[in-house]
Structures are given as structure tokens and as C-alpha cells.
Amino acid sequence: MKLYYAPASSYSQRVLIALYEKEINFTPVEVNLFDPEVRQNYLNINPFGKVPTLVTDDGTVLFEASIIIEYLDKTYPCAPQLIPVNSDKALETRMLERIIDVYINTGREALFSDTQRPIEARGAANVIKASKLMETALLLLDERLASRTWLVDEFSASDCAAAPTLAYLRIVYNYEHLSNLTNYVKRLESRPSVINTFNSGREQMTQMLSKLKYPVELAKA
Ligand SMILES: N[C@@H](CCC(=O)N[C@@H](CS)C(=O)NCC(=O)O)C(=O)O
């Protein structure tokens, strides 16, 4: 089984966390999407030109981080179970994953793109709208985490999605006022699967940030 990935890619990191959590053997294939030739060749594997992609031993090609994690969880039913067996809990897990993707990640991307515009062009209506939806989602997570260690009962696919998204969000948005969320991120960042994943992505991320027109820093926990 091959995982095409980029070490600093947050969607790749979701899958890496799942693989490390479940201790699944795989062949990592790093894809440098900044190299035009590599990118062109990679389109034969993933026509969207996005990482991650999983190619299973029987040649099945899977796109989309959340679908890859579902596949891994179904195919390797060892602990931890990332999509809960209980169907209501499974639905909750997928809902939280969607909220992280659709609102938090979109808000993070909008805020990040805004840092690369001249100051006078920042804060356009679409950026404000995306960041408001993101704040609503962050508050929802913070409230859930008042009574929970992880987003659902046990560590799940929603936590795999949250870890890189919330770590990268700190680059452009300070959510320290949300204390449950902040403590949750500390718990996430003390899991070996997350530590390994973030360690392997740090160099590429630092390099990418150093090439930006308007500098931003890789914020610490
Ligand atoms: N919906 C996709 C998103 C994947 C994605 O956006 N990956 C980014 C890296 S985090 C990427 O490949 N970007 C390269 C590009 O857009 O050129 C998933 O869930 O896997």
C-alpha cells in the first residue's frame, strides 16, 4: 500500500496520524507538487493534483483524506477504531470532520491567503464571512470539549482531522481565549502519532513559510 503525500500538507497529515495510530505498514511516497514535472506525472495518479492519495496493494486508488481514513479503519479493524462502531457516534464523527473541513479549514485558508495581500487589500467581505463561520465552528468545538477529552468519546477520525487543522490555524488566528480547545490541542500534540507527523512536516512547512511575500511564523503550542 502506497501513500502519496507531502509532509507539510495538513490533509496528508490527517492520514499519517491515522496510519501511525493504527500502526499500519505502508510505503510513503513523497510528492513535491512544487516541481512542475513531478506535478504533471502525479496527475496520472490523482487528476486533481492533490495529496494525499492511497494506492492499495490490489491497485485501488483512493482520494480524499477522510475516505482514505475510512478505508484504513475498515480494512485494519485494530485499535483505535477511528470511525466508531456505534452508528450514531459514527455520524457524529463524520459531522465533526465535515465541520472542521468546511468551516475551520476554509476559514484558515481564507485568513492565510489574506496575509499574502498588501495590507490595504486585506479584510475583504469574503474573508470576514469565512472567518466568522470558522469562529462559530471553533466555539462549537470548544463547548463540546468542556465535557470531553476527544471530539467524540474515544480518539477518532475527527481528531485526526482536527490536529493539523488547529495546529496550522495558530499561524493566522489566535484561539487561546477558547480554553477547552487550547487544552485539547495540547492533548492532541502530546500523542506520539501527532508528534511524529508534525516533526516530519516541520522542515517543509518552515521552508514554505520562508518563501512567502509577507512573512508569517510557524506558531508554537
Ligand atoms: N479534499 C482533499 C483536499 C486535499 C488538499 O487540498 N491537499 C492540498 C495539500 S494540504 C494539496 O494537495 N494542494 C496542492 C494544490 O492544490 O496544488 C482531501 O481531503 O484530501
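The table for this structure:
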| read-out | value |
| --- | --- |
| Residue that is farthest from residue 156 (Cα to Cα) [pool: residues in the stretch 170-221 that are in contact (Cβ under 8 Å) with a residue 24 or more places away in the chain and small (Gly, Ala, Ser)] | 219 |
| Total residues in the stretch 132-141, condition touching a Phe, Trp or Tyr at 6+ places or on another chain (Cβ under 8 Å) and surrounded by 15 or more Cβ atoms within 10 Å (Cβ to Cβ) | 5 |
| Search result, residues across the stretch 136-177 that are in a helix (DSSP H, G or I), over 20 Å from residue 90 (Cβ atoms) and more than 17 Å from the chain's Cα centre (by Cα) | 136, 139, 142, 143 |
| Residue ID - farthest from residue 5 (Cα to Cα), chosen from residues in the stretch 178-214 that are small (Gly, Ala, Ser) and in a helix (DSSP H, G or I) | 179 |
| Residue within the stretch 76-87 that is over 27 Å from residue 25 (Cα atoms) and either modelled with pLDDT of 95 or more or of a type in the set (D, E, K, R) (or both) present | yes |
| Residue count for the stretch 117-151, restricted to those that are of a type in the set (Gly, Ala, Ser) and touching a residue at least 40 places away in the same chain (Cβ under 8 Å) | 1 |
| Test: residue in the stretch 118-128 that is touching a Ser or Thr at 6+ places or on another chain (Cβ under 9 Å) and either among the β-branched types (Val, Ile, Thr) or within 16 Å of the ligand (Cβ to nearest atom) (or both) | yes |
| Extreme residue, farthest from the ligand (Cβ to nearest atom), among residues of the stretch 1-30 that are among the polar types (S, T, N, Q) and buried (at least 24 other Cβ atoms within 10 Å of the Cβ) | 13 |
| Number of positions in the stretch 61-90 that are touching a Leu at 6+ places or on another chain (Cβ under 8 Å) and hydroxyl-bearing (Ser, Thr, Tyr) | 1 |
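The values are calculated or read from the model by the stated rules, or taken from the named source; none is laboratory data. Not measured: the values here are computed from a predicted model. We place every Cβ from the backbone using ideal geometry, glycine too, and count neighbours over all the protein chains shown.
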